[in-house]
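K.L.:
Below are the structure tokens for one structure; questions will follow.
The values are calculated or read from the model by the stated rules, or taken from the named source; none is laboratory data. Predicted, not measured: the structure shown is a model, and the values here were computed from it. Here the Cβ is made from the backbone with ideal geometry for all residues, glycine too, and neighbour counts use every protein chain on show.
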Amino acid sequence: MTYYVLTALLTTLALASIAYRLVSLVAAIRFFSRADKPSSPIPPPPVSVMIPLCGVDFEAYENYLSFCRQEYPEFQLVFGVQDPGDSSVEVVRRLMAECPDRDIELVIGSETIGHNPKVNNLHNMSKRVKHDIIVLADSDIRVEPDYLSSVAEQLDDDRVGLVTCFYRAGAAPSLGAKIEAVGITGDFASGVLVANQLEGMSFALGATIGVKRKVLESIGGFKAVADYLADDYMLGNLVWKAGCQVRLSRHVVQTVLHPVSIASMITHQVRWARGIRACRPRGHFGSIVTYGTALACLNVLVCSTSLPSLLLLASVLSVRLCSAWFVGVRCLGDDILRRNILLVPIADILGFVVWCLGIRGRNVVWRGKTFHLDKDGKIVPAG
């Protein structure tokens, strides 16, 4: 009886994963085939870009320099650290010296408003922000010259309170980084597209968050997310709950991954998975259908490589690779995924391991520190 129940369960979930990937294809076609909104003749508003730092990222100077090369009439760059001895300070000072025509601020502040160090940093930086349109960007992000124009244009709509962007890997210098890279556009992006298609955006992606200052203040500012692990997710969720639209932009930024081992990559992914589980438990458990490759492989093992199980595995792999290629390569322009498409099944299997590890456990490791994760998604230092 156990054998038949397990076989039926694995088969059903594997078939559900095929259906999910087909839905993601439809969602991608609809999203990326929409007509572009005509550009507004009104001069774009000035923008403040906030980039919180903690240590030097891989190819950090090139990342920061890409923000200085924006084809935008007026913008401010605000970098922030909590420790005056932070290794990124030297990089920012070099940027300020080599780009004297840009409005660049470096904020060093140790004030805390919660347990999330990144949000504490943002809070200190916010005191030097000049403009009413604020763009939050991760420190490992590299952007194109039209980046600010694309984000600010979306916020021109009075109904929109926050704009967020897709991202793809711009560099993946190790096997662990390559596996993480193919998972970003080959899997994670599909989940975002499906969520946007079925229920609309109710969260934000940390690579880029464009928000109006008045909207940020209306939800309580950075203090509202100062104790959450998934601060980017919660920021978008609070804006959505406040009655404003969260809009997903078709602009794609690059995240420059640093060399990382597979074990370190899994640790990072487990932190993210546990954070999502705490903020969106039903979504986390439902995401099991995204791991069709692992489910079909388990089905083959349980069924002792029977012909039906092998056919099911072949079907899952075919749909999975087609979905990853269309969404990641065709729609998001991910060249790393194009060159490493055969890593997708490996990323799926490791992703299933991460999903299993994310179900249990309340501790997460973040920049060398261990935090305890509460049921509502808030964190406190472990011990």
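Yes/no per residue for (1) surrounded by fewer than 22 Cβ atoms within 10 Å (Cβ to Cβ); (2) in a helix (DSSP H, G or I):
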{"site": "V192", "(1), (2)": "yes, yes"}
{"site": "A195", "(1), (2)": "yes, yes"}
{"site": "S202", "(1), (2)": "yes, no"}
{"site": "V215", "(1), (2)": "yes, yes"}
{"site": "G236", "(1), (2)": "no, yes"}
{"site": "V246", "(1), (2)": "no, no"}
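K.L.:
Could I ask something else about it? Evaluate the following for T290: is it among the hydroxyl-bearing types (S, T, Y), farther than 26 Å from Y64 by Cα and touching a residue at least 40 places away in the same chain (Cβ under 8 Å)?
P.N.:
Values: among the hydroxyl-bearing types (S, T, Y): yes; farther than 26 Å from Y64 by Cα: yes; touching a residue at least 40 places away in the same chain (Cβ under 8 Å): yes.
So T290 passes the test.
K.L.:
Any chance the range 107-114 includes a residue that's part of a strand (DSSP E or B) and either outside the structural domain of L248 (by TED's automatic domain parsing) or not acidic (D, E) (or both)?
P.N.:
Going through the range 107-114, the residues part of a strand (DSSP E or B) turn out to be 107-108.
After this cut, where a residue has to be either outside the structural domain of L248 (by TED's automatic domain parsing) or not acidic (D, E) (or both) as well, the list is 107-108.
Scanning the range 107-114 turns up at least one residue that is part of a strand (DSSP E or B) and either outside the structural domain of L248 (by TED's automatic domain parsing) or not acidic (D, E) (or both).
K.L.:
Can you tell me how many residues within the range 325-348 are surrounded by fewer than 17 Cβ atoms within 10 Å (Cβ to Cβ) and either of a type outside the set (D, E) or within 20 Å of V26 (Cα to Cα) (or both)?
P.N.:
The total comes to 5.
K.L.:
Follow-up question, since we're still on this one. Is it the case that some residue within the range 354-369 is at pLDDT below 90, under 16 Å from I179 (Cβ atoms) and either within 20 Å of the chain's Cα centre (by Cα) or not polar (S, T, N, Q) (or both)?
P.N.:
Yes, there is a match, as at least one residue in the range 354-369 is at pLDDT below 90, under 16 Å from I179 (Cβ atoms) and either within 20 Å of the chain's Cα centre (by Cα) or not polar (S, T, N, Q) (or both).
K.L.:
Pick from the range 268-301 the residues that are of a type in the set (D, E, K, R) and either crowded, with 17+ Cβ neighbours inside 10 Å or in contact with a helix residue (DSSP H, G or I) (Cβ under 9 Å, 6 or more places away or on another chain) (or both): which of them is farthest from L9 (Cα to Cα)?
P.N.:
Restricting to residues being of a type in the set (D, E, K, R) and either crowded, with 17+ Cβ neighbours inside 10 Å or in contact with a helix residue (DSSP H, G or I) (Cβ under 9 Å, 6 or more places away or on another chain) (or both), the top hit is R271.
K.L.:
Only one of Q76, Q82, Q70 is in contact with a Ser or Thr (Cβ under 6 Å, 6 or more places away or on another chain) and closer than 23 Å to T164 by Cα; which? Full working, then the answer.
P.N.:
Numbers: Q82 fails: closer than 23 Å to T164 by Cα; Q70 fails: in contact with a Ser or Thr (Cβ under 6 Å, 6 or more places away or on another chain).
After ruling out the rest, the residue left standing is Q76.
K.L.:
Mind listing whichever residues of the range 75-96 are outside any loop (DSSP other than H, G, I, E, B) and more than 23 Å from the chain's Cα centre (by Cα)?
P.N.:
Pass one, the range 75-96, residues outside any loop (DSSP other than H, G, I, E, B): 75-81, 88-96.
Of everything in the range 75-96, those that are outside any loop (DSSP other than H, G, I, E, B) and more than 23 Å from the chain's Cα centre (by Cα) turn out to be F75, Q76, V89, E90, V91, V92, R93, R94, L95, M96.
K.L.:
Out of the residues in the range 68-108 meeting the condition of being surrounded by 15 or more Cβ atoms within 10 Å (Cβ to Cβ) and polar (S, T, N, Q), tell me which one is nearest to V143 (Cα to Cα).
P.N.:
Q70
K.L.:
Within the range 140-168, how many residues turn out to be surrounded by fewer than 19 Cβ atoms within 10 Å (Cβ to Cβ) and not in a helix (DSSP H, G or I)?
P.N.:
Within the range 140-168, the first condition is being surrounded by fewer than 19 Cβ atoms within 10 Å (Cβ to Cβ), and the residues that meet it are 144-146, 149, 156-160.
After this cut, where a residue has to be not in a helix (DSSP H, G or I) as well, the list is 144-146, 156-160.
Number of matching residues: 8.
K.L.:
Might you check whether a residue that is out of contact with any helix residue (DSSP H, G or I) (no Cβ under 7 Å at 6 or more places or on another chain) and in contact (Cβ under 8 Å) with a residue 40 or more places away in the chain occurs anywhere in the range 76-88?
P.N.:
Step one: of the range 76-88, the residues out of contact with any helix residue (DSSP H, G or I) (no Cβ under 7 Å at 6 or more places or on another chain) are 76, 83-87.
Imposing the further condition that a residue be in contact (Cβ under 8 Å) with a residue 40 or more places away in the chain reduces the set to 76.
Yes, the range 76-88 contains at least one residue that is out of contact with any helix residue (DSSP H, G or I) (no Cβ under 7 Å at 6 or more places or on another chain) and in contact (Cβ under 8 Å) with a residue 40 or more places away in the chain.
K.L.:
Given the conditions (1) at pLDDT below 85; (2) surrounded by fewer than 16 Cβ atoms within 10 Å (Cβ to Cβ); (3) among the hydrophobic types (A, V, I, L, M, F, W, C), report the number of the one that C322 does not fulfil.
P.N.:
Exception for C322: condition (1).
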